[in-house]
Structure formats: structure tokens, C-alpha cells
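What follows is a single structure, written as C-alpha cells, with notes after it.
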Amino acid sequence: MKIAAFGHYPIHRPLHGGQRRVAAIAAQARAADHVFRYVPVYSTRGYPDGSPDERKTAVPEALLARMHDPQRREDLHLARTLAGDPLVERLLDDLRRFAPDAVQFEHPWLYPLFAEALACDPALRGAKLIYSAHNVEADLIDPHWRAEALALERDLVTRADLVIAVSTEDARVFDGWRDYGKRPCIVAPNGCWPPDLSAAPAAPLEGAFALVVGSAHPPNATGYWESFGEIPGFLSPGSRLAIAGGMNDLITGDDRFQRYQRMNAEFVATLGTVDEEVLSALLHHAKVICLPITEGGGTNLKTAEALMWRKPVVAMRPALRGYEEAEAMSGVYVADDPKQFRTLLRDAMTGTLVSRRTVAETARYGWPAQLAPMITRYESVLT
């Protein structure tokens, strides 16, 4: 099966969760002998590290000012920004030459550029339409743009021959939008690649630390402040909180962090975006992995990652969306409010709370297992 997939970020060096999911989908589809071609249409300001091939389909430099206009949303208005640009016809010509059996959209934002051709073009109208959702996007978007996002997302969901959701909750929403008689959407949750638990990397930090990893997605900062407060002074003496990923900029730039800068410097190690080797070392040496997620949609692949490392995990309940069964596993401690979260974290850091999860138990959270329903369905979507 030949699948042409489109998304709004490169995956050459996947860092945030969306990039990791698309890269895993591509890897698993190819491992199943499908021809999977991913084409990113993206801003080089937001993603300057695309590969030479990926940069060929990046948004033209002349359009970037319009794309990043504060009066627009970069994702929701991406198709409108590109309308009429030669890049669009080049993408369509390449798609015709590829002659896909199916066209898959990661997120709904690029679908309007292709909708007419997929419905009417003799070379493309036979291709099946797949929507690979990462969230119910309209639920997460600013209220000012919500109606517009909902109309776009619903149109794609209702037209798609196959819809893939990351959680049963999202699938329930999408199925409510679809025509009676269409196959229900399938659920393929987020996962991660199994870590090398036998490796022994050097410790990137001295002393005991709890680890938080997150991108610059605003809900990550919201979860941090709600879960830890302005100063994580509740941690046991001699221990720290380490923060890795783009969320560092959101935290350190906030007045609440700067107000107590000296004390936060004592309790918090802000590491910024780190490469894979450093991240693996942090996960290896962390005493506890924290999931301070209090809002947002879909499922969080950092949850799968935390589970597979077999360390004690302290999570706010929304972090287990899509992984609810994990609460019964050893070493998974779930809080319903910030006070409980802080108590659990302090107890885990002192060794009162431990983890005895096994590799066999956590294998279900690897990408091969999580994406299996999606890969299996690819063949049947053609029938």
C-alpha cells in the first residue's frame, strides 16, 4: 500500500510528542512493507532543523511574516496562508506522480489544500482519505478560533475513510460526528521506543532529582504551576527538580519563577532542550519521573515513556488519559489535586514509595504495540 502523509512539522530530528508520533508511524508502516511518504509543510522559523529534503516543502520565506502574523493562528490558517502559492501546485503534482492508495493527514490543518483535488482530480479521487488525529483540536484551541477549527476538523472526520484517535475519549467524539454506517474510528495511543535499561550513562546532574520533561506547549507550563507551585520547596533536603525540554522557557520567563529566582535556583535545575543522549541519561538517573499534566487532550507520550523506564511515576490524573489501566501497576502514583501530588512526590523521593514494574508489563506501551491497530487497519481501508 502506498501512503502519502502530510503534516506541519519535520520529523528528521523528532523532539516534541507530535514529531515522535509521526516518526513512529512512518517507521512502523515501513516495517509492515507499506510505502509511506511523509511530506512536511512547515515554518522554518519554528523548525529550523529540517533535513534538506524536508526543507524543499517548507513554507516559502516570503510567506513567513504572514504565517506568523499575531492576528492569525499558524496552524489553523496554514492552508489560507499558502493558498495560490506555487508550492501548492508543486505538492499536488508530486502527489499525482506518487499515485497513492491513501492520503493521510496528521492534524487537520493542511487538508483544505488538497480537499478539492482528492474529491475531483481523476488521478487522486480514488485514493482513500485517512485522518490521523493527535487530539480533538477544537477542544484545545483559543475560543476566538474554536468554531473555525471545529468546522475544519469535522469536515475531515466526516469525509475520511479511516479515522485514527489516540484515546477512546477522542474516538467517542469523532464517532459522534461521523455518518451512521461508517466504520468506527480506531484507537492507537501514543507510546515510546523501549529504553536500553542496561546502559550506564554518566549522571548529567549531581544528587537526587525528580525529572519533568515537556515541550513549549502552554498546557505544560499550566500543569507545572498548578502541580509544583511557585517554589518546589516541599522536596526532601538535598534533592532537586530537573526540567528538560522547551517548557523551560515558559517556566523561567514567568514572573512567578523570577519572583523567587534565588530559591528556585536552589530547588530547580532548568536544562532547556537536550539531545537524546542527555535525555536518556536523565531518565536513567532520575529517582522519580513526574507527570504534572492538568489539562489538554489526546494522550501524552511522556506518560508511556515514564512507564517504560520502570521508575516511580508521580502523575496528576489527566496524565493517565488513555493509560488509565496503568494506575494499577507498581510504582504509578496518581494525584487528584496538587497537595496530594506534592505529598506523593516527596514520599517517592525519600524512598517510601517504590516501583517494581517489569519489562514484560511495560512492553504494551512501546510504539509497535500501541500503533498495531492502526497498521493492521491500513490494508482493510482499501476494501
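Of the accessible area of region 68-178, with the probe set at 1.4 angstrom, what percent is carbon plus sulfur? It is 46 percent, rounded to a whole number. Residue separation of Glu266 and Asp69 scaled by 0.36 nm, minus their Cα-Cα distance, works out to 67.0 nm of gained length.
Given Cβ point charges of +1 (Lys, Arg) and -1 (Asp, Glu) and nothing else, what value in debye, to the nearest 20, does the dipole of region 1-128 about its Cα centre take?
Charge dipole of region 1-128: 220 debye, to the nearest 20.
Taking only protein heavy atoms and a 1.4 Å probe, the accessible area of region 249-383 is 50% carbon and sulfur.
Lys311: which lysines have alpha carbons under 20 Å from its alpha carbon, excluding same-chain residues fewer than 8 sequence positions away? Filter leaves Lys287, Lys302.
Would you work out the relative contact order for region 220-278, in percent, from Cα pairs under 8 angstrom that are 6 or more residues apart? List each step's numbers first, then the result.
Working: 56 pairs, mean separation 26.3, N = 59.
Here the relative contact order equals 45 percent.
Ordering Tyr333, Tyr131 by accessible surface, largest first, gives Tyr333, Tyr131; the 1.4 Å probe counts only protein heavy atoms, with every chain in place. When only the Cβ of Lys, Arg, Asp and Glu is charged (+1, +1, -1, -1), the dipole of the chain relative to its Cα centre reaches about 460 debye.
With a cut-off of 8 Å between alpha carbons and a minimum separation of six or more residues, what is the relative contact order of region 159-312 in percent? The partial results should precede the final answer.
Working: 221 pairs, mean separation 46.7, N = 154.
Relative contact order, region 159-312: 30 percent.
Measuring only protein heavy atoms, the 1.4 Å probe finds Cys192 accessible over about 10 Å². Listed peptides 104-110, 1-7, 265-271 appear in the order 104-110, 1-7, 265-271 once ranked by packing, highest mean of other Cβ atoms within 10 Å at the front. Of all lysines in the structure, the ones whose alpha carbon falls short of 19 Å from that of Lys2, not counting any fewer than 8 places away in one chain, are Lys128. Every helix of 4 or more DSSP H residues in the chain counts as -39500 (n - 2.57), and over all residues that averages to -11500 deg cm²/dmol at 222 nm. Put the Cα centre of region 208-259 next to the Cα centre of region 10-65 and the gap is 29 Å. For Lys339, the aspartates and glutamates whose Cα comes closer than 15 Å to its Cα, not counting residues fewer than 8 places off in the same chain, are Glu226, Glu230, Asp347.
GNM remark for the chain: springs join alpha carbons under 10 Å apart, and the peak mean-square fluctuation among Leu197, Leu283, Leu76 falls on Leu197.
In square angstrom, what is the accessible area per residue of the chain with a 1.4 angstrom probe? Please list the in-between numbers first.
Details: 16840 Å² over 383 residues.
I get 44 Å² per residue for the chain.
Taken as entire DSSP H runs, the helices of the chain never both span 24 Å or more between Cα atoms along their own long axis and average 1.6 or more on the Kyte-Doolittle scale.
Note down the relative contact order for the chain as a percent, whole number, built from C-alpha pairs under 8 angstrom at least six residues apart.
On the way: 678 pairs, mean separation 56.9, N = 383.
Relative contact order comes out at 15 percent.
For the peptides 253-264, 143-154, 160-171, residues were scored by their other Cβ atoms within 10 Å and the scores averaged per peptide; the highest-first order is 160-171, 143-154, 253-264.
The values are calculated or read from the model by the stated rules, or taken from the named source; none is laboratory data. In this text, all values refer to a predicted model and were calculated from it rather than measured experimentally. Please note: Cβ atoms are built from the backbone with ideal geometry, for glycine as well, and neighbour counts cover all protein chains shown. Just the protein is used for accessible areas: all its heavy atoms, side chains included, with ligands, DNA and RNA removed. Shrake-Rupley method; radii C 1.70, N 1.55, O 1.52, S 1.80 Å.
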